[in-house]
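A quick write-up on the structure given underneath.
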Amino acid sequence: MSQVQEFNDYRAKMNEKILAEDNKVLKRFFNLDTNAYQEGALSSKTKELLGLVASMVLRCDDCIRYHLGKCHEQGVTKAEVFEVFAIANLVGGSICIPHTRRAVEYWEALEEA
């Protein structure tokens, strides 16, 4: 199973378990997150790029993978992704370098899929 499929399957399985608990606060939070990335004054592509840079600065590998997947779906180019990586490292500092390595690996897996 590919790295991308494994991540997506795990995410879907766990989200289903979380949402099955019928916790109003969690359901509302998940809904807010979904709606925040919809088209608005900013395009959803721009919002995904923003989500990616924030996730890198916050050093959340799961979030990075999620936003890379969404960026790939939105037609973001490799050059655009690398500009996001540059901004994230500039803002977040050298602590972001290991996350950039894993992000590059995941982007390559997305391109292969």
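A short reminder: the numbers here are calculations on the coordinates, not readings from a lab. Keep in mind that what you see is a predicted model, and the values were worked out from it rather than measured. Cβ placement follows ideal geometry from the backbone for every residue including glycine, while neighbour counts extend to all protein chains displayed.
Worth a mention:
- Order by protection proxy (mean Cβ within 10 Å, highest first), peptides 22-31, 71-80: 71-80, 22-31
- Which of LEU49, LEU110, LEU68, LEU42 has the fewest Cβ neighbours within 10 Å, and the rest in rising order: LEU42, LEU110, LEU49, LEU68
- Subset of LYS47/LYS70; LYS17/LYS47; LYS45/LYS78 violating a 20 Å alpha-carbon distance limit: LYS17/LYS47
- In summary, the aspartates and glutamates within cross-link reach of LYS13, defined as a Cα separation below 20 angstrom excluding same-chain residues under 8 places away, comprise GLU21, ASP22, ASP33, ASP61, ASP62.
- Once you reduce the range 74-113 and the range 2-50 to the center of their Cα atoms, the two points are 20 Å from each other.
- Structural descriptor for the chain: relative contact order 30 percent, calculated from alpha carbon pairs under 8 angstrom and at least 6 residues apart.
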